Amino acid sequence: LVIQTAFLGDAVLVTSILEKLHAHHPDAAIDLVVRKGNEGLFAGHPFLHRVHVWDKRQGKTRALFRLIGELRRTRYDHIINAQRFFSTGLMTVLARGKEKVGYDKNPLSFLFTRKVKHVIGDGRHEVDRLNALIEHLTDDKRPLPRLYPDDKASSEADHLIDPSSDHLICIAPASVWYTKQWPAEKWVELIKALPAEATIALIGAPGDVPLCERIAQEAGRGEVLAGKLSLLGTAALMARATMNYVNDSAPLHIASAMHAPVTAVFCSTVPPFGFGPLRENGRIVETTEQLDCRPCGLHGYKACPLGHFKCAWEIEVDAVLAS
């Protein structure tokens with residue numbers, strides 16, 4: 001059993017250890033726990049036995065114990081907790097398993113059978129931290145994430161854009177956190193500078209539609225596909241793109257999982273946190289100015305704490321276009 005109920009990007013990255021567990025133990029049945037909304041990533045997954053969904057909208061605590069009841073119906077050989085939260089610690093402790101593995105920073109780690117040290121900022125990528133949870137079951141080599149869009153997902157975008165386009169450029173301008181998001185004005189400037197013959201697709205969640213529509217309107221071009229594609233449909237589209245422009249957010253990890261070219265703009269956060277591109281066709285762009293206030297936090301904020309947001313505004317469009 002693998003537990004990862006955090007945000008979408010975390011669910012994408014945890015596929016790295018699903019891949020590696022399957023490679024080393026091809027006959028093992030692997031179950032996964034994710035939060036409601038992320039289960040679409042795993043539709044038709046070729047080697048997942050079962051996907052459990054924690055739907056907090058049904059009442060966080062009540063849904064948690066209902067889920068734990070489901071988990072207790074199976075006696076697992078190994079339970080791998082990829083998070084540091086109390087709720088997932090409770091799942092780990094109360095589910096039935098011979099071995100219970102998790103990070104030392106989990107409040108209930110003293111009840112685990114194996115604890116793994118967790119450090120952010122030491123330059124290691126998140127997939128390396130995840131690998132530490134299963135290294136004793138596999139090896140010390142870095143695992144890579146992977147998604148599996150089916151034919152249905154792959155054909156979704158064909159109904160929305162011209163599939164014969166020579167150059168498809170995907171832009172994911174939004175982020176859960178404002179300070180991880182390159183300003184809309186910058187995205188507009190970027191789109192205006194892109195080749196006229198390129199098809200521009202603005203992608204994201206349903207909640208990102210207003211931002212994408214504003215950018216497309218001000219830029220005078222761009223197909224707004226935010227909210228129109230499934231998660232795997234988005235992944236399939238990004239795999240076809242000549243370039244994917246993203247923030248430090250979930251689409252960056254989707255690109256890594258699809259081995260798709262990506263340029264990631266880092267604003268308030270920094271690559272040493274361990275969430276950068278994983279493939280050779282990935283590139284990072286960030287401000288070249290040394291700012292005492294950067295990074296201002298691990299996840300970012302709803303607004304720049306100092307009000308100037310220099311870490312984003314000082315990233316020039318030419319630097320992003322250099323890819």
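The values are calculated or read from the model by the stated rules, or taken from the named source; none is laboratory data. Predicted, not measured: the structure shown is a model, and the values here were computed from it. Every residue, glycine among them, receives a Cβ derived from its backbone with ideal geometry; neighbour counts consider all protein chains shown. We work out accessible area using only protein heavy atoms, side chains counted, and drop any ligands, DNA or RNA first. Shrake-Rupley method; radii C 1.70, N 1.55, O 1.52, S 1.80 Å.
Accessible area per residue for the chain is 45 Å², calculated with a 1.4 Å probe on protein heavy atoms, without ligands, DNA or RNA. Backbone geometry of region 304-309 corresponds, through the Karplus equation with coefficients 6.51, -1.76 and 1.60 at θ = phi - 60°, to 3J(HN,Hα) couplings of 5, x, 9, x, 9, 6 Hz, x marking Gly and Pro. Computed over protein heavy atoms with a 1.4 angstrom probe, the accessible surface ordering of 77, 31, largest first, is 77, 31. Over region 198-323, Cα pairs under 8 Å with separation of 6+ residues give a relative contact order of 17 percent.
Only the Cβ atoms of Lys and Arg (+1) and of Asp and Glu (-1) were treated as charged; on that basis the dipole of the chain about its Cα centre amounts to roughly 1800 debye.
Excluding residue 30 itself, calculate the net charge of residues whose Cβ lies under 12 Å from the Cβ of residue 30, where each Lys or Arg counts +1 and each Asp or Glu counts -1. Walk me through the intermediate numbers first.
On the way: positive: 20, 50; negative: 19, 27, 31, 77.
Around residue 30, the charge tally is -2.
Relative to the longest principal axis of the Cα atoms of the chain, the long axis of helix 231-240 makes an angle of roughly 50 degrees.
Computed with a 1.4 Å probe on the full set of protein chains, the accessible area for residue 288 sits at about 130 Å². Of all aspartates and glutamates in the structure, those lying under 16 Å Cα to Cα from residue 117, and not within fewer than 8 positions of it along the same chain, are 104, 126, 128, 135, 140.
Classified by the C-alpha gyration tensor, region 1-82 has an oblate form. Its axis ratio a/c, with a ≥ b ≥ c, is 1.5 or above, and a/b does not exceed b/c. If you take the Cα centroid of region 32-95 and the Cα centroid of region 123-174, the two points sit 22 Å apart.
The computed Cα extents along the principal axes in Å for the structure shown corresponds, within [x] 58, 48, 40; [y] 61, 44, 38; [z] 62, 46, 35, to [x]. In region 20-91, taking the dipole from charged Cβ atoms about the Cα centre, the farthest positive-side position among 76, 37, 49 is held by 37.
How would you classify region 1-140 from its alpha-carbon gyration tensor, with a ≥ b ≥ c the square roots of the eigenvalues: rounded for a/c under 1.5, else prolate if a/b is greater than b/c, otherwise oblate?
Working: a/c = 1.29, a/b = 1.16, b/c = 1.12.
Because its axes are fairly even, with a/c under 1.5, region 1-140 counts as rounded.
Per-residue Karplus couplings for region 27-34, computed as 6.51 cos²θ - 1.76 cosθ + 1.60 with θ equal to phi - 60°, are listed in order as 8, 6, 8, 10, 9, 9, 10, 9 Hz, Gly and Pro entered as x. Using the Karplus relation 6.51 cos²θ - 1.76 cosθ + 1.60 with θ = phi - 60°, the per-residue 3J(HN,Hα) values for region 40-51 come to x, 4, 10, 4, x, 4, x, 9, 7, 7, 7, 10 Hz, with x marking Gly and Pro. A 1.4 Å probe, protein heavy atoms only, puts the accessible area of residue 22 near 60 Å².
Just want to confirm a number: the relative contact order over region 19-89, from Cα pairs under 8 angstrom separated by 6+ residues, in percent.
Worked out over region 19-89, it gives 23 percent.
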